[in-house]
1. Give me the accessible area of Ile101, 1.4 Å probe, in Å² rounded to the nearest 10.
2. Computing the accessible area with a 1.4 Å probe over protein heavy atoms, can you report the carbon and sulfur percentage for the chain?
3. In what order, largest first, do Lys124, Lys212 sit by accessible area if the probe radius is 1.4 Å?
4. Report the gain in length on full extension from Lys288 to Glu69: 0.36 nm times residue separation, minus Cα-Cα distance, nm rounded to one decimal.
5. Let a ≥ b ≥ c be the square roots of the eigenvalues of the Cα gyration tensor of region 138-279; is it rounded (a/c under 1.5), or, if not, prolate (a/b larger than b/c) or oblate?
6. Can you tell me the orientation of helix 68-83 relative to the chain, as the angle in degrees between its alpha-carbon axis and the longest Cα principal axis, to the nearest 10?
7. What would the Debye equation give as log₁₀ I(q)/I(0) for region 124-176 at q = 0.13, 0.18, 0.23 Å⁻¹, counting only Cα atoms as equal point scatterers?
8. Can you tell me the length gained on complete extension of the stretch Asn34 to Ser5, counting 0.36 nm per residue apart and subtracting the Cα distance?
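The values are calculated or read from the model by the stated rules, or taken from the named source; none is laboratory data. Remember, predicted model here, so these are calculated numbers, not experimental data. Glycine gets a Cβ as well: all are built from the backbone with ideal geometry, and neighbour counts include every protein chain shown. Note: areas computed on protein heavy atoms with side chains; ligands, DNA, RNA excluded. Shrake-Rupley method; radii C 1.70, N 1.55, O 1.52, S 1.80 Å.
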Amino acid sequence: MELLSKLKNAFKKTSDIIAKVIPGKSTISEEIYNDLEDALIQADVGVQTAKLLIEKLKSKKISADISVEDVQRILAEEISELVRPYECNSLVEEFDKGPRIILVVGVNGTGKTTSIAKLAAQIKSAGKSCLMIAGDTFRAAAVEQLKCWGDKLNIEVFYRNESSDAAGLIFDGIKKAQEEKIDFVLIDTAGRLQNRDDLIGELEKIKKVIKKLDPSAPHHTILALDGLIGQSSTVQTEVFFNRIGIDRLIVTKLDSSAKGGMIISLTQKYKIPVLAIGIGEGIEDLQKFSAEDYSKALVGFYD
Ligand SMILES: Nc1nc2c(ncn2[C@@H]2O[C@H](COP(=O)(O)OP(=O)(O)OP(=O)(O)O)[C@@H](O)[C@H]2O)c(=O)[nH]1
Ligand SMILES: [Mg+2]
């Protein structure tokens with residue numbers, strides 16, 4: 001229950017956009033449908049998806065006498081249906097044998113390092129061992145940031161103070177994890193803009209190096225997306241999807257975003273499961289993505 005109310009608060013900015021269209025209305029008119037469509041677009045669900053949702057809503061042949069809750073409930077059900085295929089198991093739930101090697105990528109400041117710490121905390125509390133590799137050798141403070149999380153969580157961080165070669169460091173870190181039979185390896189990487197061809201190329205090299213040690217790895221390549229920028233993250237997703245081959249999304253900062261609808265359009269377009277959503281800066285603020293909870297929170301419907 002506490003989780004749901006956190007989610008509810010996190011999505012308040014988005015759900016307010018939708019809720020304010022229909023307060024106190026007892027009948028649903030073409031005008032309200034139009035306003036709802038606009039609200040959905042504002043919440044960044046995407047124009048096509050917004051149109052689709054309104055069509056679905058209309059096809060329900062709901063009576064003219066309708067409550068706000070009815071509209072919210074039906075919308076939540078429709079949204080849930082769209083995103084349900086993109087729910088997935090948490091890393092720990094799908095664990096078979098270690099080391100499970102997880103690479104986290106994304107543009108600058110999207111929440112990669114923080115999300116790695118949050119995931120590591122979940123892995124630890126499930127009783128599995130974990131090594132975090134400070135593969136962001138680009139920014140001096142990046143290693144310190146991950147070490148700081150490692151100290152707080154009492155989870156080992158593999159790092160070098162001065163290293164220009166991220167791939168070499170990552171290779172050595174994975175080797176150590178294999179030797180020590182550690183269950184999970186979480187690899188942090190430097191933020192890189194999708195239009196920096198050289199930096200995207202470096203990630204391709206990192207993936208190749210990882211495969212030398214385990215041809216089945218990385219077992220997941222997670223793209224961290226900033227929930228604040230909403231649908232604009234499509235441009236980023238496109239490049240990482242095509243060049244690096246991502247297979248999980250983490251959408252962060254949804255607690256302060258009014259664009260929570262982005263998850264619908266992104267999943268429909270790229271068909272990538274959402275591993276988790278970030279709803280705050282605290283270590284516990286990374287939630288498993290639940291289609292039902294997300295949809296209800298997005299439209300502000302709670303039964
Ligand atoms: N409110 C909120 N803040 C978040 C969330 N996730 C991350 N942050 C904050 O966003 C900022 C950037 O997070 P980082 O984890 O450093 O992002 P990064 O992708 O590693 O950044 P670079 O390494 O510089 O590319 C930090 O201040 C985090 O505390 C979230 O879900 N909600
Ligand atoms: Mg970072």
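1. Surface open to solvent at Ile101 totals about 0 Å².
2. Numbers: 6640 of 13300 Å².
Summing carbon and sulfur atoms, their accessible area is 50 percent of the total for the chain.
3. Values: Lys124 90, Lys212 160 Å².
Result of the area sort, largest leading: Lys212, Lys124.
4. Values: separation 219, 0.36 × 219 = 78.84 nm, distance 2.57 nm.
The Lys288-Glu69 span can extend by a further 76.3 nm.
5. Values: a/c = 1.73, a/b = 1.47, b/c = 1.18.
Here region 138-279 falls in the prolate category.
6. 40
7. Log-scaled intensity ratios, in q order: -0.30, -0.56, -0.85.
8. Working: separation 29, 0.36 × 29 = 10.44 nm, distance 2.93 nm.
Computed gain between Asn34 and Ser5 is 7.5 nm.
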